[in-house]
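*Asks:* Before I ask anything, let me first share the structure, which is written out below as C-alpha cells.
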Amino acid sequence: MMTTVTMTVNGKSVSETVEGRTLLSTLLRDDLRLTGTHIGCDTSQCGACVVHVNGKAVKSCTMFAIEAQGAEVSTIEGQANADGSLNVIQQAFQDHHGLQCGFCTPGMVMTTASLLKENPKPTEAEVRTYLEGNICRCTGYHNIVKAIMAASGQDVSSIAAEQLIS
Amino acid sequence: MPKDDGIGAATVRREDVRFLTGRGRYSDDIKAYGECAAVFARSNVANGTIKSINTDVAATMPGVLAIFTGEDFVEVGGNPAGWLINSRDGEPMKEPKRPVLAHGKVRHVGDAYAAVIAETAAQGRDAVEALEVEIEEHAAVINMKDALAGTNYVHDEIGTNQCFDWGWIEDNRAATDAAIKGAHHVTTLELVNNRLVPNAIEPRCSIGDYNPGTGDYTLQTTSQNPHMTRLLISAFVLGIPENKLTVIAPDVGGGFGSKIYHYGEEALVLAAAKKLGRTVKWTSDRSEAFLTDAHGRDHVTKIELALDDKGNFLAFRTETLANVGAYLSNFSTVTPTFLHGTLMAGNYTVPLVYVNMKTVFTNTAPVDAYRGAGRPEATFSLERVIDMAAREIGRDPIELRRQNFIKPDQYPFASAAGLEYDSGNYDALMDQMEKVSDKTGFAARRAESEAKGLLRGFGVNAYVEACGIAPSNLVGILGARVGLYDAATVRVNATGNLSVMVGAHSHGQGHETVFPQIVADMLGIDAASIDIVHGDTSKIPFGMGTYGSRSLAVCGSAVVRATEKIIAKAIKIAAHMLEAEASDVDFSDGTFSVKGTNKSVSFGEVALKAYIPHDYPIDMIEPGLEETAFYDPANFTYPSGAYCCEVEVDPETGKVRVDRMTAVDDFGNVINPMIVTGQVHGGLGQGIGQALVEQTTYDDDGQLLSASYMDYAMPRADDLPFYVVDHSQSTICTHNPLGAKGCGEAGAIGSPPTVVNAVIDAMQSGGKNITHIDMPMTPHRVWTAMNNAQ
Ligand code: FES
Ligand code: FES
C-alpha cells in the first residue's frame, strides 16, 4: 500500500509516496537524498540516525515515514547558520576535535542540540548520561563530551588535563 | 615555532566541515542510476553440508534479476592470506580455499552460500526467504582445545584444525626452557585475550559497476586500502586485469582493521554487475556485520616469566592458541605471529624469549587484525605476568619494570624477540606518567573511595610496539606476499596550488589535514592551497593503505620524498629564471633566492613557469611540476608508552569504574598534536571496552550470542572517564625523514593490562587474594571472583 506523506524537512515542504513500512530514515536518505542521516544498526541503539521531529530528538530508523505526516523534521543538513557557517554546536565539535570518521557525528550533533535545549549547562555526568543512545567507536567520547560542554558556553580548558608538546 | 598550519600545529580538521553538515560521502550514500541490490543468503548453522539449493521459486519472485551460488565461483580463485607462515617443522601453513560464496560446506553462522540480485533490497530479501535450501547440520567446532584434539574438521580436505604451529625464536627454545628450569623464581599466568568485534559504526558496503563498452569495472567499497583490494581481486580472486578495475573507497566510517581485508561481497557485486550490466549495491546491516566482519584477538595463552634473585628478567615463554575462525582472512596469519611474537621482549633487556603459537580453525567468523593487531595481545600477556611477578616477589611493580627497562644509552637495541629498536626512553615516560597522574595523591584518593565503601586500585603498564610496517625485504623473508612501502604524488598545478595523491587511506585519522601540514611546512606555502586525494586507485599512484599505525611513518615519508623532488626540480627552474647556477639558489619560506643577492622568485612563479615554459631550458628540464615517490622504510618504528589508571570497584556488585586514566606516549615527532591526542583517546576507549565490557560469545553450536548492540556491549560515554594524554617525552624515530613513529593503536595496546592490573590491585587492597580475572571484567566476573576468594 503506497501512501502520500507530506512534511516539512529543514523548512521545506516535501511530499513523497511511500510504502507503509518505509522508515523515516529511508525517506530522508533514499527519497530526499539527505544522506547525512546515517544508519549504523538495526536495533535502535547507535543513534547515528537521530533527527528532530517537532523539535524532539528521534531515532529516524525507529519511526515510520507516515508517522511523520505533517511534522516539522530537521536533519543535520539543516543545522548550519543561514550564511552556511557552522552553528555553535558544529563549531565546537570542530574546535575540540569531537569527530574522527564522522559517521556518528550527525546523530551526536542532533542529540546535543536537544540536550542543550533541555539543559543549557549540563555537567560532565549529565552529558555522558544523555549520550546513552549514541555510540561512537572512534573518539573514546572525551572530545565529544568536551565539545558539548564548550558548546554550552562552559569553560572546558580545565575539565581535562592534557599535557601536550609545548 | 611551528607555522600555524605546518608541522607541530594543532590545526583543526578541514574534513570536519562536510561531516558536520551531513555532506560526507560514504559508500551507502552513493546511489547510481539504475542500481540494483545484492542480498546474501547466509548460513544459520555453524557447520553443515550444502545438499541442495533450489532457486526456481525465488527466481520468479518480483524484481529478481539473478541468483548466484557457490557453484558460480568454483572456477575462480580464493581470497588468500597475505602471509605464508611455516610451522616449526618447516611445513607451510594450511591454506584452505576461501571462496566468494560457500560451496559444498558452510563453515560459520553467516557464511554466505547464495546471493540474490533484485531491483530493491526488500525484493532481494523476500527472494532469499524463498530459496529452497537443504543444509545437513554437523556438530560445530568452537572451542580451540577441542578443535585440536578432535577429528571433526572445519576443512575436511586438510585433515586437521591446526593452521600452523609456529615457534619464535625457535633457535632460542632450548635456552629459554633451561633458563626457566633453573630460575630463582618463575611466575606463571594463564589468560584469555577476549574475542572482540571491531564495530566501525559504518557497516560495510560495496557497489560494483561494469561498462560492457570498455570492459572496465569499478568497485566503490568501504576499504582501508583500495589498492590491496584491487590487487587481491585481480591477482587472486576474479582475475580482472588491474588496469580494468578501479577501486574507490570514498569516506569510510571507521575501520579499526575490519576494513583492511577483501571480502567475498566485493567480488560478488563485481561479478553480478558484469552479468547484468547494471550497478549492483550491497549494504551490510549491523547483524550481518557482527556475523561476517573479521573479529579480533581471541587468544588463550600461558605465559611464564623467569627471574633471578635480584628481580632481573631471565626469560619469557608463552604458549598460545589463537583462533583464526573458519577461513584465513588476509592478515590472519601475520597478526598472531610476526606482529605478536616479535614484541614479546617488551621494553625489557630480557635475554631470552620463546613464543609458541598454534593457530586453530573453528566454525566461527574469521579472526584478523583489530586495532593493535597482535601487539595488544603481546603487551597484555607481558604486562600482566610482570605485575603478578612483582606481587609474588614483593616488589613495587613500577620499580621492577624500571630495573629491567632498556636504558636510553642502549639504542639501537637488539631485542631478544628479534627486533632492533631504534630509540626510546622508557624511564622518562614512566617519570612523566607518575607526575601527570598525581600518583602520590593515590593514597588519599583510595582513602576517599574506601570511605564510600569502594575499593580503589592503581594499575600500571609499559609498552613498546612496532609500527610503520615495514621494510619490504625483511617482511618478504618473513613470508609476506606483498611489499609494504607506500607512495605519494605531489602535483603542483600551474596556478601554484597542489594536489597530493597518497596511498594511505583516511577513515577518521585526519589525513586531509595532516599531510598538507607537512607539504606546507616544506614548501613554505599556505596549507589551505594543498588538497589531498586518497582512496581511488585511478587517481593515486599506488598504496598499501592504512593499518598498523603506518600512514604517517610510511606514506608521510613518501610525501616528504616527493616534495623533496619537487623542490629539487623547482630550484633548477628558478635558477634559470634568476640566471644563476642551481647551486647558488636557496629555497626557504616559499621563495627561491640567489645567495648573496636580493634576486628572488616565488614558488608560485616557478610553478607557472613549469607549465608555461616559453622561456625555459627545455633541453635540460621537462615541463610540468609533478613528482612521485615510493618510500620503503628501513625498519619498523617503535612507539612506546607508560600508562596508569585508577579504578573503583563496588564490592557489593562487582562493578568496575575507571576513574582516572593516564597515557604517556612516545610517538616520535608529532605533526598535529590535536589529532594525535584524539587517536589515543579512541584507542583508550576501545581498550577500556575490551577490559571491562566487550565480549564475543559463541555457544557450543556456533551461534553468535552477541550479535547486536543489545547483546554486545559497546562502551558508551558514561562507561569512560576523561583521559590525561601526554606526549611530551618523545624520542625521534631515527630512520624516517619525519622522525615519526605512529599513534593510531597505542591506546588500545596500553590500556587493557593497565585496567586489569588496577582491578587486581583493588582486589588485593580489599584483602582478596585474587591474582587474575579474565577480560571483560564484568560485574558478574568480578563479584564471582571476590566471592570465591579467601
Ligand atoms: S541506525 Fe538508528 S539507532 Fe542505529
Ligand atoms: S567519529 Fe567515528 S564513530 Fe564517532
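*Asks:* Working only within segment A:128-137, note down all residues that are in a helix (DSSP H, G or I) and either facing chain B (nearest Cβ under 7 Å) or within 15 Å of ligand 2 (Cβ to nearest atom) (or both).
*Replies:* Answer for segment A:128-137, where residues must be in a helix (DSSP H, G or I) and either facing chain B (nearest Cβ under 7 Å) or within 15 Å of ligand 2 (Cβ to nearest atom) (or both): A:ARG128, A:THR129, A:LEU131, A:GLU132, A:GLY133.
*Asks:* Would you mention how many residues in segment B:392-444 are touching a residue at least 24 places away in the same chain (Cβ under 8 Å), part of a helix (DSSP H, G or I) and either among the hydrophobic types (A, V, I, L, M, F, W, C) or in contact with a Pro (Cβ under 6 Å, 6 or more places away or on another chain) (or both)?
*Replies:* Here the count works out to 9.
*Asks:* Continuing with this model, one more query. Mind checking which residues of segment B:347-372 are small (Gly, Ala, Ser) and either open to solvent by 10 Å² or more (accessible area, probe 1.4 Å) or touching a Phe, Trp or Tyr at 6+ places or on another chain (Cβ under 7 Å) (or both)?
*Replies:* B:ALA369
*Asks:* Does at least one position in segment B:218-227 carry a residue that is farther than 14 Å from B:VAL100 by Cβ and assigned to a helix (DSSP H, G or I)?
*Replies:* Scanning segment B:218-227 turns up at least one residue that is farther than 14 Å from B:VAL100 by Cβ and assigned to a helix (DSSP H, G or I).
*Asks:* Within segment A:15-34, work out how many residues are more than 8 Å from chain B (Cβ to nearest Cβ) and within 15 Å of ligand 1 (Cβ to nearest atom).
*Replies:* 7
*Asks:* Sticking with this structure for a sec: Is it true that some residue in segment B:680-703 is open to solvent by 10 Å² or more (accessible area, probe 1.4 Å), in contact with a Gly (Cβ under 8 Å, 6 or more places away or on another chain) and within 13 Å of another protein chain (Cβ to nearest Cβ)?
*Replies:* No: zero hits.
*Asks:* Find all pairs meeting these conditions: Cβ atoms under 6 angstrom apart; at least six residues apart or on different chains; first residue within segment A:35-47 and more than 7 Å from every other protein chain (Cβ to nearest Cβ) and closer than 24 Å to B:ALA32 by Cα; second residue modelled with pLDDT under 95 and more than 7 Å from ligand 1 (Cβ to nearest atom).
*Replies:* Filtered contacts from segment A:35-47: no entries.
*Asks:* Inside segment B:528-549, can you point out the residues that are open to solvent by 10 Å² or more (accessible area, probe 1.4 Å), of a type outside the set (Val, Ile, Thr) and farther than 22 Å from B:PHE636 by Cβ?
*Replies:* Selection gives B:ALA528, B:SER529, B:ASP531, B:HIS534, B:ASP536, B:SER538, B:LYS539, B:PRO541.
*Asks:* Report yes if some residue within segment A:1-14 is within 11 Å of chain B (Cβ to nearest Cβ), within 16 Å of ligand 2 (Cβ to nearest atom) and touching an Asp or Glu at 6+ places or on another chain (Cβ under 9 Å); otherwise report no.
*Replies:* no
*Asks:* Just checking, which of A:ASP95, A:ASP83 is open to solvent by 20 Å² or more (accessible area, probe 1.4 Å) and away from ligand 2 (no atom under 16 Å from the Cβ)?
*Replies:* Answer to the selection: A:ASP83.
*Asks:* With the requirement that a residue be surrounded by fewer than 24 Cβ atoms within 10 Å (Cβ to Cβ) and of a type in the set (A, V, I, L, M), what does segment A:69-80 give you?
*Replies:* Scanning segment A:69-80 gives A:ALA71, A:ALA80.
*Asks:* Filter segment A:90-114 down to the residues that are more than 7 Å from chain B (Cβ to nearest Cβ) and closer than 23 Å to A:CYS61 by Cα and list them by number.
*Replies:* Scanning segment A:90-114 gives A:GLY107, A:MET108, A:MET110, A:THR111, A:THR112, A:ALA113, A:SER114.
*Asks:* Now, a different point. Condition check: open to solvent by 10 Å² or more (accessible area, probe 1.4 Å), touching a strand residue (DSSP E or B) at 6+ places or on another chain (Cβ under 8 Å) and within 30 Å of B:GLY453 (Cα to Cα). Does B:GLY750 satisfy that?
*Replies:* Against the criterion (open to solvent by 10 Å² or more (accessible area, probe 1.4 Å), touching a strand residue (DSSP E or B) at 6+ places or on another chain (Cβ under 8 Å) and within 30 Å of B:GLY453 (Cα to Cα)), B:GLY750 does not qualify.
*Asks:* Does segment B:763-786 include one or more residues that are crowded, with 22+ Cβ neighbours inside 10 Å and small (Gly, Ala, Ser)?
*Replies:* No: segment B:763-786 contains no residue that is crowded, with 22+ Cβ neighbours inside 10 Å and small (Gly, Ala, Ser).
*Asks:* Filter segment B:198-236 down to residues that are among the aliphatic types (A, V, I, L, M) and under 16 Å from B:VAL482 (Cα atoms) and give me whichever is surrounded by the fewest Cβ atoms within 10 Å (Cβ to Cβ).
*Replies:* Here the residue is B:ALA235.
*Asks:* So which residues in segment B:414-450 are within 14 Å of chain A (Cβ to nearest Cβ), buried (at least 19 other Cβ atoms within 10 Å of the Cβ) and of a type outside the set (Gly, Ala, Ser)?
*Replies:* B:LEU429, B:GLN432, B:MET433, B:VAL436
*Asks:* Here are the criteria: (1) more than 8 Å from chain B (Cβ to nearest Cβ); (2) more than 16 Å from ligand 1 (Cβ to nearest atom); (3) open to solvent by 10 Å² or more (accessible area, probe 1.4 Å); (4) at pLDDT 95 or above. Tell me which single one A:ALA125 does not satisfy.
*Replies:* Failing condition for A:ALA125: (1).
*Asks:* For A:VAL50, are the conditions met, namely being within 16 Å of ligand 2 (Cβ to nearest atom) and not aromatic (Phe, Trp, Tyr)?
*Replies:* yes
*Asks:* Restricting attention to segment A:109-143, which residues are in contact with a Leu (Cβ under 9 Å, 6 or more places away or on another chain), within 20 Å of B:PRO198 (Cα to Cα) and hydrophobic (A, V, I, L, M, F, W, C)?
*Replies:* Result: A:CYS136, A:CYS138.
Results for (1) in contact (Cβ under 8 Å) with a residue 12 or more places away in the chain; (2) more than 14 Å from chain A (Cβ to nearest Cβ), shown as yes or no for each residue.
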{"residue": "B:MET710", "(1), (2)": "no, no"}
{"residue": "B:LEU720", "(1), (2)": "yes, no"}
{"residue": "B:ILE770", "(1), (2)": "yes, yes"}
{"residue": "B:ASP774", "(1), (2)": "yes, yes"}
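The values are calculated or read from the model by the stated rules, or taken from the named source; none is laboratory data. Fair warning: this is a prediction, and the values are worked out from it, not measured in the lab. Quick reminder, even Gly has a Cβ in these numbers, built from the backbone with ideal geometry, and neighbours come from all protein chains shown. For the accessible areas, the whole protein counts, side chains as well, though only heavy atoms, and no ligand, DNA or RNA atoms are used. Shrake-Rupley method; radii C 1.70, N 1.55, O 1.52, S 1.80 Å.
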